[in-house]
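*Asks:* Mind having a look at this structure? Questions to follow.
The values are calculated or read from the model by the stated rules, or taken from the named source; none is laboratory data. Keep in mind it's a predicted model, so treat the numbers as computed, not measured. Please note: Cβ atoms are built from the backbone with ideal geometry, for glycine as well, and neighbour counts cover all protein chains shown. Ligands, DNA and RNA are excluded from the accessible area calculation, which covers all protein heavy atoms including side chains. Shrake-Rupley method; radii C 1.70, N 1.55, O 1.52, S 1.80 Å.
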Amino acid sequence: MKENLIIGALLSPFVAGIIGLLPNISVQWQKRVSLLGTISMMIFSSLLVIEVDKVGVLSFQAGGWEAPYGISIVADRLSALMVLVTSIIAFPALILGFESVHKDRKVAKFFPIFMFLILGISGSFLTGDVFNLFVWFEIMLISSFVLLVMGNSKKQVKGTIKYLAINVLSSTLFLVGIGVLYGIAGSVNMAHLALVLPEIEPKGLVALSAVFFFVAFGIKAAIFPVYFWLPSSYHTPSTAATTIIGALLTKVGIYTMLRFFSLMYYDQISWMQQIVFVIAAFTMISGGLGALAQTNVKKLFSFSIISQIGYMVMGVFIGTAAAFGAVIYFLVHNILVKGALFIITGIVGEHTRNFDLKKGGGIAKTYPLLAVFYLIVGLSLVGIPPLSGFWGKFGLLSAGIITEQYWIISIALAVSVLTILYFLKVWNEYFWKAPKVTKTKRPLPYKFVISGSAIVLSVILIAVFADPIINYCVQAGEDLFNKNLYIKSVLGDVEISI
Amino acid sequence: MEIVLPFVVGFLFTSGVYLMMHRNFIKIILGMALLGYAGNLFLFVISRITLGQPAFIPSDAEKMGEVYADPFPQALILTAIVIGFGVQAFAIILLKRTYINIGTANLDELKDED
């Protein structure tokens, strides 16, 4: 019956979304229902994490068809943690949306679509079936298209066209990858594929499908040559939508990469490693330099997402249990910190109606609370020791040093300097320097304060409780590396020869 | 005749990608449609076509002795078609909004100014 926790975590945003889409439902009720859905999802996913930590993996077969024929829904330590983090970031983003989403956007069902986005993301984390993953991806993408364009301003329409076109391309590549996989292995169940793929001849076709998946997920995660859609679309919608899309969508790409290359394509890592490291290095550097060049604060942090994606891709392809664990902690840290940065600068931007660094300034004097929030979160992003960024980077770098990947590690270290630079740039321009025009101070709406405090609290908490969280992540990384637990849970007691 | 299908897939992919690189939004949408067809047809071809056989077995059959078509890729393609249909519907509405709001469907005239 423990499996019902998984269903609960998926049903909460689903039901909230459906109710919100009913005709004649007022915006007030849409808000209430989506808040309820988020909180209920948070409860279910916390229980799920506790339960999964006890037993290792929970899984069930949707529709009662035995694996590998039916669709498996699997929650291992990684999936459960990701779903929990999704619900944690959804809460402050939603509260922020209550205050900042403009009236015309609300009427157009902003909150139900937001819930469907959460549903698509959590579904992608929980599925154990490659084609089912494609379907969850599409739910997530279609919701994000709608959120991006809602409001219909010129720049939103422009950003959405690019986002739509690149994602259609990436979905097609994903579908082709699934086709190759089914053609050679005759299955789309991840656990089953993990068993049969190593024995399949010719090896070339297995490698081909791995490359298809790498490119498809790479476009979603915004890696080096294919990231241009991200900075031109992410800064356009309302801050609540930017927060959730910016914090989570690229990380779903990283999650799927981690899942595929640990479970099914582990053999492929060895030949792809150096090529991917070059891509990861360019991703880190170009994201960091791009962020330095920006003056729009939302655009700046969009580039910052790309830079951090480089670290995660590097971690996935180092390919040891320790590296997987470090990537998982880095993912959690990054989702929360990136979400927090978008929320805090979003609050400043929405409240002062200015997202431009050149025109901004003086926030530290007028709204000291927000400045303190930014300082905590920003230092966390940079990786100052007691805060979470340090543990994430430390884990990744030490995993790299143990496996003697020195050149990529030195680039990763050098890019940290860029992170400090753009963090300081925002601090100086937006918060510290004297403003050109002094604006009258207006009190912050209480919803902004709740939203900001909630996310900053969670950023502090993952640093304070770094020890149990890191232990959990290390265990999750080892589960990914060993994969027997996952396969056994889905397929039952089959002969495992790895 | 199955030998024709891979070439059709290749042709569809080529023309789809070509159209998607166009600066006119209408052609991008057509490119998306062609890419969708290409992907679906690819799934169909690579999962081994069985000619003239149904994708099910008689209810009174004891075992699957006869040759029958694999129902799985058909189910996949059906799902993919429906999803592609939804995305295309969204793209067409987006085209309409672009045209109403900005007065053009030419992406070169939509350069970023911020």
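*Asks:* Measure nothing but the geometry: give the 0 to 90° angle between the long axis through the Cα atoms of B:71-102 and the longest principal axis through the Cα atoms of chain B, rounded to 10°.
*Replies:* 10 degrees
*Asks:* What distance in nm separates the two pseudo spin-label positions at A:L292 and B:A55, each 7 Å out from Cα along the beta-carbon direction?
*Replies:* It works out to 5.5 nm between the two label points.
*Asks:* Would any residue of the range A:143-164 have its amide N under 18 Å from a label point 7 Å out along Cα→Cβ of B:Q88? List them or say none.
*Replies:* From the range A:143-164, the list is A:164.
*Asks:* Specify the residue with the greatest mean-square fluctuation among B:V45, B:V87, B:V67, computed from a Gaussian network of chain B linking alpha-carbon atoms under 10 Å apart.
*Replies:* Among B:V45, B:V87, B:V67, the largest GNM mean-square fluctuation belongs to B:V67.
*Asks:* Compute the accessible area per residue over the range A:383-483, keeping the other protein chains in place, probe 1.4 Å, unit Å². If you can, show how the numbers build up before the last one.
*Replies:* Values: 5290 Å² over 101 residues.
Here the per-residue accessible area is 52 Å².
*Asks:* I would also like to ask the following. Based on Cβ point charges of +1 for Lys and Arg and -1 for Asp and Glu, what charge dipole magnitude is obtained for the range A:157-297 about its Cα centre, in debye rounded to the nearest 20? Each step should come with its number before you reach the end.
*Replies:* Working: 6 positive and 3 negative charges, 88 e Å.
My answer is approximately 420 debye.
*Asks:* Now a separate question. Name the residue farthest towards the positive end of the dipole of chain A from the options A:S171, A:L292, A:M264, assuming +1 on Cβ of Lys and Arg, -1 on Cβ of Asp and Glu, about the Cα centre.
*Replies:* A:L292
*Asks:* Relative contact order (percent) for the range A:263-357, with alpha-carbon contacts under 8 angstrom and 6 or more residues of separation? Write out the running numbers ahead of the final one.
*Replies:* Numbers: 84 pairs, mean separation 27.9, N = 95.
Answer for the range A:263-357 is 29 percent.
*Asks:* Given the options A:W391, A:G17, A:S153, identify the residue whose Cα lies farthest towards the positive end of the charge dipole of the protein assembly as shown (+1 on Cβ of Lys, Arg; -1 on Cβ of Asp, Glu).
*Replies:* Checked the options; the winner is A:S153.
*Asks:* Also: Just list whichever of A:K425/B:K96; A:K109/A:K425; A:K54/A:K109; A:K109/A:K154 have alpha carbons separated by over 31 Å in the model shown. Mind showing how you got there, number by number?
*Replies:* Working: A:K425/B:K96 40 Å; A:K109/A:K425 36 Å; A:K54/A:K109 39 Å; A:K109/A:K154 20 Å.
In this structure, A:K425/B:K96; A:K109/A:K425; A:K54/A:K109 lie more than 31 Å apart at Cα.
*Asks:* Which value, in debye to the nearest 20, describes the size of the charge dipole of the range A:4-491 about its Cα centre when Lys and Arg Cβ atoms bear +1, Asp and Glu Cβ atoms bear -1, and nothing else is charged? Please list the in-between numbers first.
*Replies:* Values: 33 positive and 18 negative charges, 507 e Å.
Once rounded to the nearest 20, the dipole reads 2440 debye.
*Asks:* Hey, another quick one. Taking the dipole about the Cα centre of chain B, with the C-beta of Lys and Arg at +1 and of Asp and Glu at -1, give me whichever of B:P58, B:L110, B:M1 is farthest to the positive side.
*Replies:* Farthest towards the positive pole: B:L110.
*Asks:* Something else now. Once both labels are modelled 7 Å past Cα along the beta-carbon direction, what's the B:R23-A:I275 spacing in nm?
*Replies:* 3.3 nm
*Asks:* So, one more: With a 1.4 Å probe, what is the total accessible area buried between chains A and B, in Å² rounded to the nearest 100? Display every interim value, and only then the final one.
*Replies:* On the way: alone 18280 and 8770 Å², together 24140 Å².
The contact between B and A buries close to 2900 Å².
*Asks:* Keeping all protein chains in position, work out how much accessible area A:H351 exposes to a 1.4 Å probe, and write it in Å² to the nearest 10.
*Replies:* My reading of the accessible area for A:H351 is about 10 Å².
*Asks:* Taking each pair of different alpha-carbon atoms in the range A:4-491 once, compute 1/r for the pair, average those values, and report the inverse of that mean as the Kirkwood hydrodynamic radius in Å to one decimal.
*Replies:* Working: mean 1/r = 0.0447 Å⁻¹.
Taking the inverse mean of 1/r over all distinct Cα pairs, the range A:4-491 comes out at 22.4 Å.
*Asks:* Share of the protein assembly as shown's accessible area from carbon and sulfur, percent, 1.4 Å? The partial results should precede the final answer.
*Replies:* Values: 16610 of 24140 Å².
Accessible surface attributable to carbon and sulfur in the protein assembly as shown totals 69 percent.
*Asks:* Would you mind working out the accessible area per residue for the range B:1-60, using a 1.4 Å probe, and quoting it in Å²? Show your work: numbers first, answer last.
*Replies:* Details: 3760 Å² over 60 residues.
On a per-residue basis, 63 Å².
*Asks:* In deg cm²/dmol, rounded to 500, what helix-only [θ] at 222 nm does the protein assembly as shown give when every DSSP H run of at least 4 residues adds -39500 (n - 2.57) and the total is split over its residues? All intermediate terms of the calculation are to be shown ahead of the outcome.
*Replies:* Working: 25 runs with 441 residues, N = 612.
Computed ellipticity for the protein assembly as shown at 222 nm equals -24500 deg cm²/dmol.
*Asks:* Around A:A191, under 10 Å between beta carbons, what's the net of Lys plus Arg minus Asp minus Glu among the other residues? Numbers along the way, then the final one.
*Replies:* Details: positive: A:K483, A:K488; negative: A:D129.
Combined, the nearby Lys, Arg, Asp and Glu give +1.
*Asks:* Hey, rough spin-label estimate for A:S410 and A:L205, points 7 angstrom out along Cα→Cβ, what's it come to in nanometres?
*Replies:* A separation of 4.3 nm, rounded to one decimal place.
*Asks:* Here is a further query. Gaussian network model of chain B, Cα springs within a sub-10 Å range: biggest mean-square fluctuation belongs to which of B:F85, B:F56, B:F42?
*Replies:* Checking each option, the largest mean-square fluctuation is seen for B:F56.
*Asks:* Once the Cβ-Cβ distance between A:K488 and A:Y446 is put in as r, and R0 is 41 Å, what FRET efficiency do you end up with, to the nearest 0.05?
*Replies:* Values: r = 50 Å, r/R0 = 1.21.
According to the calculation, E is roughly 0.25.
*Asks:* List for the range B:30-64: residues with 40 Å² or greater reduction in accessible area, all protein chains versus chain alone, probe 1.4 Å?
*Replies:* B:M32, B:L35, B:F42, B:L43, B:I46
*Asks:* Return the whole-Å distance between the Cα centroid of the range A:268-317 and the Cα centroid of the range A:1-59.
*Replies:* 33 Å
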